[in-house]
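Peer 1: Take this structure, written in structure tokens, and hold onto it; I'll ask about it next.
The values are calculated or read from the model by the stated rules, or taken from the named source; none is laboratory data. What you see is a predicted model; the values in this text were computed from it and never measured. We place every Cβ from the backbone using ideal geometry, glycine too, and count neighbours over all the protein chains shown. Calculation scope for accessible area: heavy atoms of the full protein, side chains included, ligands and nucleic acids excluded. Shrake-Rupley method; radii C 1.70, N 1.55, O 1.52, S 1.80 Å.
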Amino acid sequence: QVQLEESGGGLVQAGGSLRLSCAASGSIFRINAMGWHRQAPGKQRQLVAGIRSSGDTSLADSVKGRFTISRDNDKNTVYLQMNSLKPEDTAVYYCYIHDGFVYSWGQGTQVTVSS
């Protein structure tokens with residue numbers, strides 16, 4: 001069983017910053033990729049950012065230039081630095097890990113950006 005503990009969400013004004021963290025623990029054989037999805041009210045869940053064990057990253061076009069993803073392999077932790085936040089970034093953010101076979105998901109952390 002894998003547990004993912006997210007932190008760092010909250011309320012921030014437009015233009016502000018937040019840093020999300022997600023620490024994985026439990027029966028982790030390996031982690032090929034880690035990252036974040038988000039889901040806004042009435043919308044489908046979408047990939048925000050991902051990072052492979054090689055360090056290669058991918059970002060959604062809507063967050064490029066504003067968000068940065070990084071990971072600490074020793075701590076099995078992934079981070080999402082979010083700058084220049086916009087009201088449209090408001091969503092529940094879910095972290096994930098992929099071990100090459102299955103995804104494991106966190107419970108989600110709310111990010112609210114006020115205008």
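Peer 1: At most 12 other Cβ atoms within 10 Å plus a DSSP loop assignment makes a site exposed; report the longest stretch of the chain without any exposed chymotrypsin sites (Phe, Trp or Tyr not before Pro). Before the final figure, lay out each step's value.
Peer 2: Details: sites that count: PHE29, PHE101.
It works out to 30-100.
Peer 1: If I take R0 = 22 Å and measure r between the Cβ atoms of SER58 and SER114 in this structure, what FRET efficiency does the formula 1/(1 + (r/R0)^6) give, to the nearest 0.05? Can you show the working numbers first?
Peer 2: Working: r = 28 Å, r/R0 = 1.29.
Efficiency, from the Cβ-Cβ distance: 0.20.
Peer 1: Students sometimes get this wrong: rank ARG52, ARG45, ARG66 by accessible area, probe 1.4 Å, all chains present, largest first.
Peer 2: So the residues, ranked largest to smallest area, are ARG52, ARG45, ARG66.
Peer 1: Leaving out ligands, DNA and RNA, and with a 1.4 Å probe, what % of the accessible surface on the chain is carbon or sulfur?
Peer 2: Accessible surface attributable to carbon and sulfur in the chain totals 44 percent.
Peer 1: Hey, can you find the accessible area per residue of region 15-115 for me, probe 1.4 Å, expressed in square angstrom?
Peer 2: That works out to 53 Å² for each residue.
Peer 1: List the aspartates and glutamates whose Cα sits under 15 Å from the Cα of LYS43, skipping any in the same chain fewer than 8 residues away.
Peer 2: GLU88, ASP89
Peer 1: Along the principal axes of its C-alpha atoms, what lengths does region 4-115 span, in descending order and rounded to whole Å?
Peer 2: 43, 24, 22
Peer 1: Under 26 Å Cα to Cα from LYS75, which lysines show up? Leave out anything in the same chain fewer than 8 places away.
Peer 2: Correct list for LYS75: LYS64.
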